[in-house]
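Scroll down for the structure; my scribbles are underneath it.
The values are calculated or read from the model by the stated rules, or taken from the named source; none is laboratory data. Keep in mind that what you see is a predicted model, and the values were worked out from it rather than measured. Reconstructed Cβ throughout: ideal geometry from the backbone, glycine too, with neighbour counts over all protein chains shown.
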Amino acid sequence: MIAITGATGQLGHLVIEALLKTQPAGQLVAIARNPQKAQDLSDKGIQVRQADYADQAALTAALRGVDRLLLISGSEMGQRAAQHRNIINAAKAAGVKFIAYTSLLHADSSPLGLHVEHVETEKMLAEAGIPYALLRNGWYVENYLASAPPAIEHGIFIGAAGNGKISAAPRAAYAAAAARVISEEGHAGKVYELAADSAWTLSELAAELSKQTGKSVAYQNMSEADFAAALKSVGLPDGLADMLADSDIGASKGGLFDDSKTLSRLIGRPTTPLADSVKTIL
């Protein structure tokens, strides 16, 4: 059986959609803190097992009979390393034979502050004694497209990434890669640096928005502090705003760039070009 943590999240849902193309629903286990949020998965015949990331005993029970575990990194910054430790310890206790973990692009050398908890988790996996693979995911293109509607409305796309090239791919591409790695043999010991085939700057994204809407959209580069303040002023929680601003600074240093095309090789198709991704939101 294959289990997925974070199954009710956006990436988790897409991974399960991809897995259902090759796996019987009864062989999939969705681990969720709130099973009510996973009703749609239950309706498809997927086993939904309740467990909180803070409860190692519940996680161990939820992983009984599971051979392969996709550990989708938690969303609570500052809590992730401890949560991941509980899941890895539970996997050991339950006899899980393989773990795939969604880490961060070039985690071991990344300039993004986000890398710290991912590196801690990678170290835990190395010490756990369970065969594992690392899915070092680049940025989701959706992270930037979420800012497109206000940018089009006001004519300015704000950020702090300078001229940093960003190899962002749609979330569904990373989900397809995760589904393949967790359902196939032969991936143990692999480190996959996953990112789009082509990269772009935020100025190029603004230009693409202009081209497709016929409205003038310019990129305005800001300092990390000013960008974080701007995000907070429109209602983003402080921690999230600070993380996004830090990540843009990381992008300006090349932290979100990769040209290995590992992702497209793994999923067997080219990643979606920026112009096509922009079309989906207009």
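Some notes on this structure:
- Region 268-282 - residue that is of a type outside the set (A, V, I, L, M) and in a loop (DSSP other than H, G, I, E, B) and, of those, surrounded by the most Cβ atoms within 10 Å (Cβ to Cβ): Thr271
- Residue in region 104-124 that is of a type outside the set (D, E, K, R), within 22 Å of Ala62 (Cβ to Cβ) and part of a strand (DSSP E or B) present: no
- Qualifying residue in region 17-32 (condition: of a type in the set (S, T, N, Q), surrounded by 15 or more Cβ atoms within 10 Å (Cβ to Cβ) and in a loop (DSSP other than H, G, I, E, B)): yes
- For region 228-267, a tally of residues being out of contact with any Pro (no Cβ under 7 Å at 6 or more places or on another chain) and either aromatic (Phe, Trp, Tyr) or in a loop (DSSP other than H, G, I, E, B) (or both) returns 11.
- Residue match in region 150-161 (condition: farther than 28 Å from Gly235 by Cα and assigned to a helix (DSSP H, G or I)): no
- Applying a threshold of 7 Å to beta carbon distances and a minimum spacing of six or more residues, or different chains, the list of pairs starting in region 266-278 at a residue that is at pLDDT 95 or above and ending at one that is of a type in the set (Ser, Thr, Tyr) and in a loop (DSSP other than H, G, I, E, B) reads Pro273/Ser198.
- Within region 43-70, considering residues that are of a type in the set (A, V, I, L, M), modelled with pLDDT of 95 or more and part of a loop (DSSP other than H, G, I, E, B), the one farthest from Tyr132 (Cα to Cα): Ile46
- Taking the criterion of being crowded, with 19+ Cβ neighbours inside 10 Å and of a type in the set (Val, Ile, Thr), the only residue of region 234-261 that qualifies is Ile249.
- Counted residues, region 182-211 - those being within 19 Å of Ala107 (Cα to Cα) and assigned to a helix (DSSP H, G or I): 0
- If you check Ala30, Ala38, Ala93 for being out of contact with any Phe, Trp or Tyr (no Cβ under 7 Å at 6 or more places or on another chain), aliphatic (A, V, I, L, M), more than 25 Å from Leu134 (Cα to Cα) and touching a residue at least 12 places away in the same chain (Cβ under 8 Å), only one passes: Ala38.
- Scanning region 1-16 for residues that are crowded, with 16+ Cβ neighbours inside 10 Å and either free of Cβ contacts under 8 Å to residues at least 40 places away in the same chain or part of a helix (DSSP H, G or I) (or both) returns Thr8, Leu11, Gly12, His13, Leu14, Val15, Ile16.
- Pairs, first assigned by TED's automatic domain parsing to the domain that holds Pro131 and closer than 22 Å to Val96 by Cβ in region 67-82, second surrounded by fewer than 19 Cβ atoms within 10 Å (Cβ to Cβ) and of a type in the set (Val, Ile, Thr), C-beta under 9 Å, six or more apart: Leu69/Ile130; Ala81/Val116
- Identity of the residue in region 23-42, at pLDDT below 95 and out of contact with any strand residue (DSSP E or B) (no Cβ under 9 Å at 6 or more places or on another chain), that ends up nearest to Leu71 (Cα to Cα): Lys37
- So Ala107, is it at pLDDT below 95 and aliphatic (A, V, I, L, M): no
- Failed item in (1) acidic (Asp, Glu); (2) over 20 Å from Ala178 (Cα atoms); (3) surrounded by fewer than 15 Cβ atoms within 10 Å (Cβ to Cβ), with Asp55 passing the rest: (3)
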